[in-house]
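The values are calculated or read from the model by the stated rules, or taken from the named source; none is laboratory data. Computed from a predicted structure; not experimentally measured. Glycine also receives a Cβ, built like all others from the backbone with ideal geometry; neighbour counts cover every protein chain displayed. Side chains included, ligands, DNA and RNA excluded: accessible areas come from the protein's heavy atoms. Shrake-Rupley method; radii C 1.70, N 1.55, O 1.52, S 1.80 Å.
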Amino acid sequence: MSYKEFKLKNKNIIGIVEEIIEVEQMTFKNRTQDKAHQRYFLMNYLRENTTLSLTSIGNMFDRNHATIMNCLKRHNDYTEYKDKNYSKNVASIKEYLEQVLVS
């Protein structure tokens, strides 16, 4: 993959995630479990699939880098223990990302 292709892919992922954040209103300080799980998943998705720093990811969600670190840890804990509630809460976003980014 060339640098240009990588940059375009990176930009596409960021744009799609920003759209999800806006539609789902994830910048608000909503602490309901389903919204929190979706934020954890998206933060981890951005960290693994882009070159964004923790601060940049935090800016997208109106959070600081320490909060992002905690969210990444929580995501890892939920996936390691195969939490069914977590999987259910992130399923729709995961499915949407797969559909949009594959095409």
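In table form, for the structure just shown:
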| quantity | calculated |
| --- | --- |
| Whichever residue in the range 1-48 is touching a helix residue (DSSP H, G or I) at 6+ places or on another chain (Cβ under 9 Å) and assigned to a loop (DSSP other than H, G, I, E, B) and, among such residues, is modelled with the lowest pLDDT | 1 |
| Residue ID - farthest from the chain's Cα centre (by Cα), chosen from residues in the range 9-50 that are under 14 Å from residue 75 (Cβ atoms) and open to solvent by 90 Å² or more (accessible area, probe 1.4 Å) | 33 |
| Flag if residue 64 is at pLDDT 85 or above and open to solvent by 20 Å² or more (accessible area, probe 1.4 Å) | yes |
